[in-house]
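The values are calculated or read from the model by the stated rules, or taken from the named source; none is laboratory data. Since we're looking at a predicted model, the values are computed, not measured. Here the Cβ positions follow ideal geometry from the backbone for every residue, glycine too, while neighbour counts run over all protein chains shown. Areas reflect the complete protein model, heavy atoms only, side chains present, ligands, DNA and RNA absent. Shrake-Rupley method; radii C 1.70, N 1.55, O 1.52, S 1.80 Å.
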Amino acid sequence: MIPKPELDWFAILPELITAVGAMVVLLVGMGRKQWNRVASIALTSATLIATFVFVLMEFNVSRYGAFAGLIDSDELANAGRLIAVISGLVAVGLAVRGRANDGRHGEFHALLLTAVCGMSLFAASGSFVSLFIGLELFSISLYVLCALDADRSASLESGLKYLIIGGLSSAVLLYGTALVYGATGSFDLAVIGDSDSRGILLFAGAALVLGGLAFKIGAAPMHWWTPDVYEGAGTPVTAFMSTATKAVGFLVLARVLVTAFGAESSTWVPIVAGLAVASIVIGNAGALGQLHLKRMLAYSSIAQAGYLLCGIVGWDTTGIPALVYALIVYTAMTLGAFAYVVVLEREIGRDATFADLAGRGWASEGRSIGHALPAFGLVVCSLSLAGIPPTAGFFSKFGLFDGAVESGYAWLAVVGALGSVVSLGYYLRVIVELYMREPNAARAAAAAVNLPAASTGDHRWSAGTQLPVVSGLAVALAGATLLLAFVPNKVFELGCDVKANLAQRGDDCTNVDAAAAPGPVAQTAPAAAE
Amino acid sequence: MSIEASAWIAYLAPLAGVLIILFGGMKLSHKVAGLVSCASVLISFGAAIATLLKWNSLDEPEHGVASVAWTWLTSGTFRIPFEIFIDPLSIWMLMVVTGVGFLIHVYSLGYMAGDPQFRRFMAYLNLFIFSMLTLVLAGNLAFLLVGWGLVGMASYLLIGFWHDRPTAVAAAKKAFIVNAIGDVAIMLGLFLIFMEIGQVSWIPVFELLPLAVEENSGRAFMICLLLLGGALAKSAQLPLHTWLPDAMEGPTPVSALIHAATMVTAGVYAIARLHPIFDLSMDAQKLIIVLGGLTLLMAGFIALAQTDIKRVIAYSTMSQIGYMFVAAGIGAYGAAMFHLATHAFFKALLFLGAGIVIHALGDEQDIRKMGGLKKYMPKTYKLFLVGSLALAGIFPFAGFFSKDEILAFTLAAGDVYGTWAYVIYGFGLLGALMTGLYGFRLVFLVFHGTESPLVAQYGRGEILHHGHATNEHGEAPRSMFWPVAVLGLLAVVGGALAIPGLWNVPHDFLHGAHAAPTREALEHAEFSTPAIWLFALAISLPIAVLGILGAWMIWGSGKLGSLRTRFPRMERAGQNAWGWDSMYDKVFSRPSQALATSAVAFEDTITVPALEEAEFAGRDAGANIARLQNGVVRFYALGTALAFLAVVVAFIWVEG
């Protein structure tokens, strides 16, 4: 007889909240009146904020093995949930369309919530079954979100490409799980980790799982979909997709690799390092020649995935805390950069190129400080993406490379540093255009030849109209990027908890240990605290 | 309110002032900006007084209170907290910086009135106060370095404030570069300390370093030497002193605030703060004493021959800081801090008085064009006279007590360091003579003697400043006058803080393990008694009087004839500042320019073409990758599938 599994509803409360919210928003959003639109924005924000508050309250509560081992809700899961919720909130803000009403607000917000729900489940999954359900839930939502601007062919193309290639990789991931099940007889990550089964079946399965997850985080050489999909999708969707998906993808990748395949780490660490190198090389080289801001950011996100993979390479030393910090920083700076892209697209009424940035950094006649400040936000985010102090991007990159070095992959850090040098070629170009070029309408128009209409999700938006919420988000996210540089320690402590999660209920964190250990130095140090 | 809270308020108030003026921008009128700026420093000063009172009311006198705002970075046992450290030494500096700083802020309201960039100036002044407070309140090595860098930056901004004057820009650059040498030195020193013990906060550093580094070892000397390099540059001591005279290009309040009262004394503060480290190396102590002694003498000689009123005072500052270095070197930290405070009073007084003169004469700084100003500026004359008497060390003015305490300790130091230390005492006496000479040279040349054409012009109200005659409202606007008067009062009574045989406030206040007023060896030296102090006073007072009399004979009555005819070589050398600039030019500047020229040639012929090749290669690679991205979805699917295959193959290959 099958025992009745213990149902700990609190373990999936964030998913429940977002799922219920999605259904309500879908109903409310059916109407095409102005109040329906406002109500769906308000309800979506309220749902996300409620989820945020709950996750924050329960942050340090670990509930392992809920729902017969399907759910492992812990700090790692909660970190992923928080990032997904924040990205979702920002996407809602970026997509606020003023009074224009295209009737798709219901779909947009409901799908956003189901995507957050899927990511949340994905991050909290303790078994390949729930992992796959979460993955599909958010992937399918994203396929539709990408194609949501159905009257814009680029958007449709983007959704279709993502669907086909995403379907392929989901199948591969599923096939990998099947192989792993064949080798170990379980879908449960912890059980797989404890089993002593080894052999070609397990390795092939692990390889396919790794590949499928690498696809989701946009690492090379599974990166083929990224530039086209990022470019075609509406910018708020791209912003959401490039941050939330990547963040939960990395956290789950860490969980799967360490918890389920920890014994095989000597095998997968070099492969992850190889993926990191490929991502750094392809992302940075590809971004160099781009004219299009969104496409540049797409390649840049491939390169960033490469840096983030260094954290996984250093998982056994300090890589995981660094990874958690880097994911949070990455989310803030990438969202900030995309927020400015939305600002720009709204102003010019079409997709933004580098040439469109010219001269926008200055406040001059006709351009108040309200125009110049968001542009400065883009500068902060670009510098942070390039890893220049005192922005948070410097500390995050430092932590990631440090983790790789500690784990004996110094050469990988060298590759990463060289890649960062190359990346200056396109990140600094943003500053050059903003401050050192005269605005030249003809040049911008020439560069924009053959560009489709704006992908802000609404090409009927008249050029020149701005919403304070969007420029406000651009500034606030840049501010967050700067502030994060002052509190790396707080986030690193959180990362230590996450690392402890990976060992499942274990308590293993170099930082915590060192601080608690009564070494010769620590014994004399307390005098300083007085 | 706890002592931590008041110290944090004192620390952060000037920063708030900067931010308000920065974000207020053009919306703030000049008046409001000036008010915000002064008010923030006044709040800071009030909080500093509160901190002082709180400290005195602590039941159990501790070493110091470290207040951690948050931990900035942790890695293993390595922690960098963002912390301030409150102990008598930092409170002493806090009082001097905010107190004198506030007076100079108020003075600036009048001095800079009408300048179109007034707001920027006040914001910079506030930024400087904040930076200086970072330096003196820093609770660990890392934040000391932050403060060290910040004051350098604020000083750079203020020296080059009139950035349309090429000389001001050049002076700002020079100050920045010389200070950068010091910054690098002190940074390397901090790295060495960190390498030895892996801690950065004061108390662990002071407790662990003596255990880790052997006394008088090469390592200890190396650490001290590097730290000293930073101190020498900041405090304009030999051989890193050349930037200070040029820094007089900045507005006069800047000279008074940064280049007399506060920043240039940072080196003295650093030696006192880090004294448990300097205690480890006898050689480093000797080096400090010798460099301080040489500087005080050399700067005195140069001051005698300079003709720019501000440069004379600048060399005098250098000389007085030389005294402080001697005191810090022999371990008389209390005496050094005492002289630091009184010097801040009378030197700021002299600078601000000079500022009134310069302002009145339409930005003229050449003392040869002045003379007979006493008739038109009786109040300024009196205050300037008070400042000069205090500088010369005449009883009962402030400099008398503080400088002679240093000289007394120098006598006692002979007991610790050997007979050569008496030579330094001799230097100090000779320096005292010089002080009387150059100090009263200014008084006689500027205020006495026959009326120069320029001064007569001023008397007739023909010198205009922003469309008004400079003598329209008496000698100076009220906002400029009363800060000078307060400083004058302090220069008269400041010395009463320590009266030999009766009390010694700085000494008692600085008592505590980590802010010791004197090094132990010196404390037990044979000559460390009030009697010696009185003895030293009895010798140096006549010498100072002799200096003033000499000045009268040379520049007042002219009985001795001019310096130029009697000592032409000394005069010329002094005017060239003993040739340090041209020497540095020959030894460092020219060779490095030659190196730079050849580097440019190398770059043009080799680096640039090579980089261009690399750039083309990079762009080609990028273009190829972009070309692969052909938009055909089946091609993408194939690529992705191949990638999966590659991972599987790699897995099996690595495993096998």
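Could you state the principal axis extents of the C-alpha atoms in the range B:298-575, from the largest down, to the nearest angstrom?
62, 43, 25
Per residue, what volume in Å³ does the Cα convex hull of the range A:271-449 take up?
Cα-based convex hull of the range A:271-449, divided per residue, equals 98 Å³.
Determine by what factor the alpha-carbon radius of gyration of the range A:220-297 differs from 2.2 N^0.38 Å, reporting the quotient.
Working: Rg = 14.8 Å, N = 78, 2.2 N^0.38 = 11.5 Å.
Rounded to two decimals, the normalised Rg is 1.28.
As an exercise, find the ratio Rg/Rh for the range B:280-333 from alpha-carbon atoms, using the Kirkwood inverse-distance average for Rh.
Ratio value, two decimals: 1.11.
Nearest 10 degrees, 0 to 90: what angle lies between the long axis of helix A:488-502 and the longest principal axis of chain A (Cα atoms)?
The helix A:488-502 is inclined about 50 degrees to chain A.
Taking the Cα atoms of chain B, what is the range of coordinates along each of the three principal axes, in descending order and whole Å?
102, 62, 54
Mind checking the angle between helix A:468-483 and chain A's longest principal axis? C-alpha axes, 0 to 90 degrees, to the nearest 10.
Taking Cα atoms only, the helix is inclined about 40 degrees.
If you look at just the Cα atoms of chain A, how large are its Rg and its Dmax in Å?
Taking only Cα atoms of chain A, I get Rg and Dmax of 22.5, 78 Å.
Determine by what factor the alpha-carbon radius of gyration of the range B:582-655 differs from 2.2 N^0.38 Å, reporting the quotient.
Against the empirical 2.2 N^0.38 Å value, I get 2.23 for the range B:582-655.
For a distance above 46 Å, tell me the whole-number percent of Cα pairs in the protein assembly as shown that qualify.
That fraction is 45 percent.
State the extension gain, in nm to one decimal, for the chain segment bounded by A:Trp411 and A:Ile164, taking 0.36 nm per residue of separation less the distance between their alpha-carbons.
85.3 nm
Determine the total buried accessible area between chain A and chain B, counting protein heavy atoms only with a 1.4 Å probe; round to the nearest 100 Å².
The summed interface area works out to 3900 Å².
Rounded to the nearest 0.05, what FRET efficiency do B:Ala617 and B:Trp578 have when you use their Cβ-Cβ distance and R0 = 56 Å?
0.55
How many angstrom lie between the Cα centre of the range A:108-175 and the Cα centre of the range A:389-426?
31
Run the simple label-point estimate for B:Val505 and A:Ala42 please: 7 Å along Cα→C-beta, distance reported in nm.
6.5
Report, in degrees rounded to the nearest 10, the 0 to 90 angle that the Cα long axis of helix A:319-348 makes with the longest principal axis of chain A.
The angle comes out at about 20 degrees.
Given a Förster distance of 56 Å, report the FRET efficiency between B:Arg219 and A:Phe59 from their Cβ-Cβ distance, rounded to the nearest 0.05.
The formula returns an efficiency of 0.75 here.
Can you pull the one-decimal nm distance between simple spin-label points at B:Met26 and B:Val600, each 7 Å off the Cα toward Cβ?
A separation of 3.8 nm, rounded to one decimal place.
Roughly how big is the range B:298-575's charge dipole about its Cα centre, with Cβ charges of +1 (Lys, Arg) and -1 (Asp, Glu), in debye to the nearest 20?
With Lys and Arg at +1 and Asp and Glu at -1, about 940 debye.
What FRET efficiency comes out for B:Ala538 versus B:Thr450 if R0 is 30 angstrom and r is the Cβ-Cβ distance? Round to the nearest 0.05.
Here the calculated transfer efficiency is 0.20.
Which one, A:Val277, B:Met298, A:Pro14, projects farthest toward the positive side of the charge dipole computed for the protein assembly as shown from Cβ point charges (K/R +1, D/E -1)?
B:Met298
Work out the length of the dipole vector of the range A:271-449 about its Cα centre, built from +1 on the beta-carbon of each Lys and Arg and -1 on the beta-carbon of each Asp and Glu, and round it to the nearest 20 debye.
360
Once every DSSP H run of n ≥ 4 in the protein assembly as shown is given -39500 (n - 2.57) and the sum is divided by its residues, what mean residue ellipticity at 222 nm do you get, rounded to the nearest 500 deg cm²/dmol?
Estimated from H runs of four or more residues: -23000 deg cm²/dmol.
For the charge dipole of chain A, defined by +1 on Lys and Arg C-beta atoms and -1 on Asp and Glu C-beta atoms about the Cα centroid, which residue among A:Val256, A:Val24, A:Val55 has the Cα displaced farthest towards the positive pole?
The residue sitting farthest along the positive end of the dipole is A:Val24.
About its Cα centre, what dipole magnitude does the range B:558-627 give when the only charges are +1 on Lys and Arg Cβ and -1 on Asp and Glu Cβ, stated in debye to the nearest 20? Each step should come with its number before you reach the end.
On the way: 9 positive and 9 negative charges, 212 e Å.
Around 1020 debye, computed over the range B:558-627.
Below 15 angstrom from the Cβ of A:Pro270, what's the summed charge of the other residues (Lys, Arg +1; Asp, Glu -1)?
Numbers: positive: none; negative: A:Glu264, A:Asp316, B:Glu655.
Around A:Pro270, the charge tally is -3.
For labels at A:Leu291 and B:Arg569 in the simple 7 Å Cα→Cβ model, what's the distance in nm?
Computed distance between label sites A:Leu291 and B:Arg569 equals 7.5 nm.
Using bins 10 angstrom wide from zero, how does P(r) for the range B:237-290 break down, in % of all Cα pairs?
21, 42, 27, 11, 0
Putting +1 on Lys and Arg Cβ atoms and -1 on Asp and Glu Cβ atoms, find which of B:Ala498, B:Phe444, B:Leu244 reaches farthest to the positive end of the dipole of chain B.
Checked the options; the winner is B:Phe444.
Could you tell me how far the Cα centroid of the range B:25-42 sits from the Cα centroid of the range B:331-397, in Å?
Result: 28 Å between the Cα centres.
Under the rule that an exposed site lies in a DSSP loop and has at most 12 other Cβ atoms within 10 Å, name the longest stretch of chain B with no GluC sites (Glu not before Pro) of that kind, not counting the sites themselves.
B:216-471
Could you tell me what fraction of 2.2 N^0.38 Å the Cα radius of gyration of the range A:107-165 comes to, as a two-decimal ratio?
Numbers: Rg = 12.4 Å, N = 59, 2.2 N^0.38 = 10.4 Å.
Against the empirical 2.2 N^0.38 Å value, I get 1.20 for the range A:107-165.
How big is the shadow of the Cα convex hull of the range B:106-257, averaged over all directions, in nm²?
On the way: hull surface 37.7 nm².
Hull-based average projected area comes out at 9.4 nm².
Roughly how far apart, in whole Å, are the Cα centres of the range A:193-257 and the range B:552-623?
Using only Cα atoms to place each centre, the spacing works out to 57 Å.
Taking only the alpha carbons of the range B:76-127, what extent do you get along each of the three principal axes, in Å, biggest first?
For the range B:76-127, the Cα spread along each principal axis is 54, 26, 7 Å.
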